[in-house]
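Chemist: Got a structure here, written out as structure tokens. Questions coming.
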Amino acid sequence: MIYEILLVIGKKLIHHRTSEQNRIHKILQDANIKLTSVLSDIFGVSGRRILEAILNGEKIETDGLRKMVDWRTKASITDIASAINGRIRRHHRDMLRYHWEHMSYLEKAIEELEKQIDQLLSPYRKEVELLDGIPGVNKAAAATFIAEMGVDMSVFKSAKHLASWAGVSPGNYESAGKKKRVKPHKVTKL
């Protein structure tokens, strides 16, 4: 039960972090700073360094920009320099700072929550590793499976019963040679 609660909280925190990132992106667009046109992830290593310099009100020169940009960045320094050549005002900086600080807070909260989930999953390491070995199932999905179904499969008579309980078993609704349309079973969202 505690896993489910933590997973729900984690998903909501991730959603809020994404919202803050979108707000930061919108403010940058308003200030005519087009970082997304040259960086694949403006919240990656290079993007964060550049954003922090913008937040601090630094005047970014080409030499300083070379130090900020990670060596793996594909865009050229001149392209990045022209992308950050916008008209950022104090109002933009203040709004960016509020959203940046909230995003940082959410990232720390997500990190702490992941540690807590990891700690709660420690008695189920073997089960998590087995589930993680299934193609398409990662550690987060394994944690969700364990939270939803538990590890004792003896409560289910067969694999079909488990699939039915999870709401993933196919239905065959046919009568007199006509197939009937059926809405899929509603799976609880985490």
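Every number in this text was worked out from the coordinates using simple rules, so none of it is lab data. Just so it is clear, the structure is predicted and the values come from calculations on it, not from any experiment. For neighbour counting, all protein chains shown are included, and Cβ atoms are generated from backbone atoms with ideal geometry for every residue, glycine included.
Chemist: Using the structure shown, select from Lys12/Lys115; Lys11/Lys160; Lys157/Lys179; Lys74/Lys115 the pairs with a Cα to Cα distance greater than 23 angstrom.
Modeler: Lys11/Lys160; Lys157/Lys179; Lys74/Lys115
Chemist: With mean projected area of the Cα convex hull in nm² as the read-out, I listed [x] 16.4; [y] 10.6; [z] 22.7; which label goes with the value calculated from this structure?
Modeler: Of the labelled values, this structure produces [x].
Chemist: Would you calculate, for the chain, the mean residue ellipticity at 222 nm contributed by helices, counting each DSSP H stretch of 4 or more residues as -39,500 (n - 2.57) and dividing by all residues, to the nearest 500?
Modeler: Result for the chain, helices only: -19000 deg cm²/dmol.
Chemist: Let me ask something additional. Roughly how big is the range 91-155's charge dipole about its Cα centre, with Cβ charges of +1 (Lys, Arg) and -1 (Asp, Glu), in debye to the nearest 20?
Modeler: Dipole of the range 91-155, to the nearest 20 debye: 160 debye.
Chemist: Tell me, what does the Kirkwood hydrodynamic radius of the range 73-172 come to in angstroms if you use every pair of distinct C-alpha atoms?
Modeler: Taking every pair of different Cα atoms in the range 73-172, averaging 1/r and inverting gives 18.4 Å.
Chemist: Lys and Arg at +1, Asp and Glu at -1: add these up for the other residues within a Cβ distance under 15 Å of Ile84 and post the number.
Modeler: In short, +3.
Chemist: State to the nearest 20 debye the size of the charge dipole of the chain about its Cα centre, where the only charges are +1 on K and R beta carbons and -1 on D and E beta carbons.
Modeler: The dipole of the chain has a size of about 920 debye.
Chemist: Is the range 71-130 best put as rounded, prolate or oblate by its Cα gyration tensor, with a ≥ b ≥ c the root eigenvalues, rounded for a/c under 1.5, and otherwise prolate when a/b is larger than b/c, oblate when not?
Modeler: In terms of gyration-tensor shape, oblate.
Chemist: Given the options Thr73, Ile117, Ser37, identify the residue whose Cα lies farthest towards the positive end of the charge dipole of the range 1-147 (+1 on Cβ of Lys, Arg; -1 on Cβ of Asp, Glu).
Modeler: Value: Ser37.
Chemist: Let me ask something else about it. Sticking to Cα atoms, compute the Rg of the range 19-121 to one decimal and its Dmax as the biggest Cα-Cα distance, whole number, in Å.
Modeler: 15.1, 49
Chemist: Would you look at the GNM of the chain, springs on alpha carbons closer than 10 Å, and say which of Thr78, Thr144, Thr18 moves the most?
Modeler: Looking only at Thr78, Thr144, Thr18, the biggest GNM fluctuation is shown by Thr78.
Chemist: Residue farthest toward the positive end of the dipole of the range 81-143, with Cβ of Lys/Arg at +1 and Asp/Glu at -1: which of Val128, His102, Ala83?
Modeler: Ala83
Chemist: Counting only C-alpha contacts under 8 Å and six or more residues apart, can you give the relative contact order of the chain as a whole percent?
Modeler: Reported as a whole number, the value is 28 percent.
Chemist: Treating only the Cβ of Lys, Arg, Asp and Glu as charged (+1, +1, -1, -1), what charge dipole size does the range 53-95 show about its Cα centre? Round to the nearest 20 debye.
Modeler: Dipole magnitude for the range 53-95 comes out near 120 debye.
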